[in-house]
1. Quickly run through segment A:377-420 and pick out the residues that are in a strand (DSSP E or B) and of a type in the set (Phe, Trp, Tyr).
2. With respect to B:Asp78, determine if the residue is out of contact with any Cys (no Cβ under 9 Å at 6 or more places or on another chain), within 14 Å of another protein chain (Cβ to nearest Cβ), of a type outside the set (Gly, Ala, Ser) and more than 30 Å from A:Glu429 (Cβ to Cβ).
3. Determine, yes or no, whether B:Asn59 is touching a helix residue (DSSP H, G or I) at 6+ places or on another chain (Cβ under 8 Å), buried (at least 18 other Cβ atoms within 10 Å of the Cβ), closer than 22 Å to B:Val3 by Cα and not acidic (Asp, Glu).
4. Given the criteria in contact with a Leu (Cβ under 7 Å, 6 or more places away or on another chain) and of a type outside the set (Gly, Ala, Ser), does A:Asn145 qualify?
5. Which residues, taken from segment B:33-55, are closer than 17 Å to A:Leu408 by Cα and more than 8 Å from chain A (Cβ to nearest Cβ)?
6. Which residue is nearest to the chain's Cα centre (by Cα), if the candidates are limited to segment A:388-416 and must be more than 9 Å from every other protein chain (Cβ to nearest Cβ), among the small types (Gly, Ala, Ser) and within 26 Å of B:Gly33 (Cβ to Cβ)?
7. Could you list all residues from segment A:256-267 that are without any contact (Cβ under 8 Å) to a residue 60 or more places away in the chain and surrounded by 14 or more Cβ atoms within 10 Å (Cβ to Cβ)?
8. Within segment A:433-450, can one find any residue that is out of contact with any strand residue (DSSP E or B) (no Cβ under 8 Å at 6 or more places or on another chain), within 14 Å of another protein chain (Cβ to nearest Cβ) and of a type in the set (Lys, Arg)?
Amino acid sequence: MGGGICISLPGSLKLAAPPPGVAIPAPARRVVPVCSPSESALSTEKISSSLSARPHDGGDAPAVPATAASEGSVGIVVPQRHTFSEPLELACGRTLRDYTLVYETYGELNAERSNAVLICHALSGHHHAAGRHSPDDKRPGWWDNYIGPGKPIDTDRFFVVSLNNLGGCHGSTGPADTNPETGKPWGPDFPMLRVRDWVHSQARLADLLGIDQWAAVIGGSLGGMQAMRWALEYPDRLRHCVVIASAMKLSAQNIAFNETARQAITSDPDFCGGRYLEQGRLPRRGLAVARMIGHITYLSDDGLGRKFGRELRSGSFRLGEEEEVEFQVQSYLRYQGDSFSGSFDPNTYILMTRALDYFDLAREYGDDPVAAFSHARCRFLLVSFTSDWRFAPERSREIADALMHANLPVSYAEIESAMGHDAFLLPNERYRRVFAAYMNGVAAECSDGGDR
Amino acid sequence: MRVDFDVIQEWIEPRSRVLDLGCGDGALLEMLGRNKQVSGYGLEIDPARIERCLERGVNVVEQNLDQGLGNFADGSFDTVVMTQALQTLRQPHLVVREMLRVGRECIITFPNFGQWKARWHLAASGRMPVSDLLPYEWYDTPNIHFCTFRDFDLLCRENDWTILHRQVVSETLPGRAFKDFLPNLFGETAIYHLTR
């Protein structure tokens with residue numbers, strides 16, 4: 001669900017972490033970056049090979065200066081935007097008169113236009129999947145671990161397209177934009193979107209870029225749902241569908257977590273029924289709590305335990321002392337919540353979680369996944385992670401079983417990881433090898449001329 | 001090319017649907033796809049072998065055979081194949097039963113523990129056989145359920161499984177010369193073709 005997607009937030013990242021062991025006086029400890037999930041991955045999972053040399057900065061280690069020419073990076077990238085003036089009919093029955101999509105591309109489209117790959121983002125993702133916007137960026141794009149020269153999605157071989165989905169808050173048309181009919185922000189009036197609406201808008205983007213058929217459509221979590229919907233809605237427009245840590249529909253428990261997150265946002269007094277922008281307010285606290293809830297569920301008990309245990313950030317349990325105790329994990333979660341709530345639109349968060357809840361791949365096929373997939377014509381790769389309990393391996397196995405029953409080509413790997421759902425974003429040697437082995441075959445087909 | 005693969009290939013119908021249990025590096029499925037246009041999947045749990053399958057473009061699904069084939073419907077494959085994995089299973093007889101439920105037919109190959117080398121090793125040294133074919137010590141071997149041809153024949157009889165074909169192969173010279181006379185003594189690998 002894109003739990004670990006780190007949106008770089010220059011403002012809040014300016015606070016430097018104190019040296020280890022230094023107690024922080026109470027007033028100053030409100031926003032203390034302990035570490036990001038990516039960093040916790042580095043310290044809890046042994047990562048061999050070149051991926052450990054990735055250009056992330058570390059909260060516990062001195063920041064590594066970001067260089068544009070760092071190994072395996074697509075370097076400096078510039079987002080592009082296009083406004084589509086052909087109205088888009090939505091699943092909810094309403095129509096968007098026109099809309100803007102922001103996207104990035106990496107690599108070169110070949111002469112046959114057969115090497116294009118679409119990246120579909122997850123709940124809190126966006127178009128900036130790889131590289132950096134400027135040499136000073138502290139962090140690269142959210143999937144820089146897997147997109148770049150020599151990486152599984154090899155930009156020396158593929159033309160990679162990554163967009164911010166409709167309804168997003170990173171440049172594509174969404175609830176924070178102005179409704180042309182009222183001149184005010186859309187807010188809660190922005191149409192509810194479903195996964196298929198994103199897929200249709202992505203198809204328009206493919207048309208714009210002159211891509212008749214994707215070599216692969218790839219996504220993790222909510223992105224994997226988009227990739228599967230592509231396989232059913234546009235069976236002739238993709239050769240491979242890569243679905244990572246995803247599911248054919250959410251479980252009741254999953255919907256329950258999303259509802260709790262939405263309630264945290266809507267019950268914030270600054271939410272103003274979703275019209276907070278008109279009122280000049282922002283339900284930051286509600287969004288931060290929503291993010292904290294989400295974040296806990298994107299990690300595993302084991303992963304959090306290994307990183308934080310019961311370590312204290314301040315205070316002590318000594319007898320006779322009344323000082324308030326703060327655990328490291330508290331400070332970490334608050335940092336995650338605060339930084340997220342300063343960079344993400346609350347209405348977009350509600351919209352994205354609803355799209356997740358509503359998605360049900362086989363609903364219109366008599367609730368029969370085999371019948372649904374019988375419309376697909378591409379090959380599939382499925383990947384899941386052992387400690388992911390929001391998109392558990394069982395969910396991926398259900399997809400694999402349905403595909404095998406439908407007699408479609410499918411491969412499935414279950415990756416050992418302690419990092420929970422976030423694992424799909426983080427360095428992991430086996431994951432990298434599985435992904436690279438499969439994508440290598442996809443790339444080889446492209447140079448053979450494209451069509452199967 | 002493994003010698004048992006040639007025999008298996010002859011028993012597989014062109015354009016049929018095949019499930020390969022413990023498919024290893026995917027060599028058999030790749031060969032059957034190329035020569036017999038079969039469609040199918042391999043089940044495997046070893047990460048390195050799964051990667052080899054992905055590199056070859058063979059469909060591979062990570063699944064532990066010891067947890068059964070409950071995710072496959074009755075008769076959903078023409079043939080279910082299992083080469084050199086029977087002896088690694090916790091309950092081999094249940095897996096064969098499952099193979100015959102999921103497939104119309106099944107093909108099973110396994111190393112013959114009754115082969116003269118194994119018998120000689122045990123008789124002469126008094127220790128569990130270690131050979132180039134079965135290079136493990138007793139404590140670290142993945143092969144936990146050895147049987148001989150005769151043992152497997154008995155299992156088929158007890159379960160009323162029909163043996164369509166039975167063949168033994170051997171790659172060594174004495175094995176090749178005598179395997180047809182005394183298969184349980186000279187055959188290295190048994191290949192059974194079964195149906196319900």
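1. A:Phe380, A:Phe385, A:Tyr412
2. yes
3. no
4. yes
5. B:Gly33, B:Gln37, B:Val38, B:Gly40, B:Gly42, B:Leu43 - these are the residues of segment B:33-55 that are closer than 17 Å to A:Leu408 by Cα and more than 8 Å from chain A (Cβ to nearest Cβ).
6. Looking at residues that are more than 9 Å from every other protein chain (Cβ to nearest Cβ), among the small types (Gly, Ala, Ser) and within 26 Å of B:Gly33 (Cβ to Cβ), I get A:Ser396.
7. A:Thr260, A:Gln263, A:Ala264
8. Looking for residues that are out of contact with any strand residue (DSSP E or B) (no Cβ under 8 Å at 6 or more places or on another chain), within 14 Å of another protein chain (Cβ to nearest Cβ) and of a type in the set (Lys, Arg), one finds at least one in segment A:433-450, hence yes.
The values are calculated or read from the model by the stated rules, or taken from the named source; none is laboratory data. Keep in mind that this is a model prediction, so the values were computed, not measured. Glycine gets a Cβ as well: all are built from the backbone with ideal geometry, and neighbour counts include every protein chain shown.
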